[in-house]
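Participant: Below you'll find the structure I mean.
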């Protein structure tokens, strides 16, 4: 009996060891910022700081689809120290201020002295995330890398474009534009292949459809044409609040590029979600508009299935059904949202549907 117990204990230890050994996820260090920075310095590694919040849906998407990717995890666990910090708790607010972090997720990479190497703002799919952290660890394609090139040649069109693109990804349009302008003046013949890219970035930042249309006329053979047509549709609803024009724009994109293109589908799903958001905010919608909204939501689900946005769409469906007075359908929809992403907002919606809290 004693030998049997020892055998079972050894068996469970081996199972635990095996699970630990083959766990396909990033291992995040514990402790304070100073603790993990010291660890990174002692191990001669860079430190990845994931600034997140408990309400950030794209933080959830990172956890589920990127940090559990076997290739991402293998590289990150071997080459860097990884650390998460809630930007609204503990030392999070001070660190967010120190690194000028205002949106989530923001992943900042620093060396052992706490000097920023680069950052990833927002969600990146696993393949692009792996490419980025591989470059950051190698000291390639970072902000510092391209600025060093500009120190030798301030007119280098590639470095100017890359820095402008980074600032734009950071959400800093004001800092991005001079670099894009420099590409246009230093390479008007587009010998680098980035003049058209910079022109499109400038047109998009203007939020004026006529500038995007001018890009299409000026660069008819650009490899950025798909993004240009998407930009026309996005500007229509984001800046002009013209849903009909936006839909017409997307119809054209579908004709040119089909309905199986990832970039097209992602952009179109955001357009559909924007419509659902506006519908949910209006508490006096006609019944016909609400029923049309259910059709829009059903279409949107086909584009966001398996992503964190699926939960958001179910939330909007629950709100539409609640406005229609269909409590059971509203409960079913919000239950689906909670299963995918159990946030406080979704729990509150559940309570609102059932009369536990008042609608603000």
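Participant: Is there any pair linking a residue in the stretch 139-155 that is farther than 22 Å from residue 45 by Cα to one that is part of a loop (DSSP other than H, G, I, E, B), with Cβ under 9 Å and at least six apart or on different chains, and which?
Facilitator: 149/156; 150/156; 155/187
Participant: Okay, moving on. Among the residues of the stretch 155-194, which ones are surrounded by 22 or more Cβ atoms within 10 Å (Cβ to Cβ) and closer than 18 Å to residue 226 by Cβ?
Facilitator: The answer is 194, and nothing else.
Participant: So if I check each of 140, 182, which one is more than 24 Å from residue 54 (Cβ to Cβ) and either in contact with a strand residue (DSSP E or B) (Cβ under 9 Å, 6 or more places away or on another chain) or in a loop (DSSP other than H, G, I, E, B) (or both)?
Facilitator: 140
Participant: If you don't mind, there's one more thing I want to ask. If you take the residues in the stretch 93-119 that are in contact (Cβ under 8 Å) with a residue 24 or more places away in the chain and part of a helix (DSSP H, G or I), which one is farthest from residue 307 (Cα to Cα)?
Facilitator: Among residues in the stretch 93-119 that are in contact (Cβ under 8 Å) with a residue 24 or more places away in the chain and part of a helix (DSSP H, G or I), the one farthest from residue 307 (Cα to Cα) is 95.
Participant: Among the residues of the stretch 72-92, how many are under 29 Å from residue 337 (Cα atoms) and part of a helix (DSSP H, G or I)?
Facilitator: Number satisfying all stated conditions: 3.
Participant: Which numbered condition trips up residue 61, out of (1) assigned to a helix (DSSP H, G or I); (2) in contact with a helix residue (DSSP H, G or I) (Cβ under 9 Å, 6 or more places away or on another chain); (3) at pLDDT 95 or above?
Facilitator: Among (1) assigned to a helix (DSSP H, G or I); (2) in contact with a helix residue (DSSP H, G or I) (Cβ under 9 Å, 6 or more places away or on another chain); (3) at pLDDT 95 or above, the lone unmet condition for residue 61 is (3).
Participant: Has the stretch 27-47 got any residue that is under 18 Å from the mean Cα position of the chain (by Cα), at pLDDT 95 or above and either under 14 Å from residue 124 (Cβ atoms) or in the same structural domain as residue 94 (by TED's automatic domain parsing) (or both)?
Facilitator: no
Participant: Which of the residues that make up the stretch 54-72 are touching a strand residue (DSSP E or B) at 6+ places or on another chain (Cβ under 8 Å) and either surrounded by fewer than 17 Cβ atoms within 10 Å (Cβ to Cβ) or not assigned by TED's automatic domain parsing to the domain that holds residue 123 (or both)?
Facilitator: 54, the sole residue that qualifies.
The values are calculated or read from the model by the stated rules, or taken from the named source; none is laboratory data. Worth saying up front: this structure is predicted, and the values here are computed from it rather than measured. In this analysis, Cβ positions are derived from the backbone assuming ideal geometry, glycine residues included, and neighbour counts consider all displayed protein chains.
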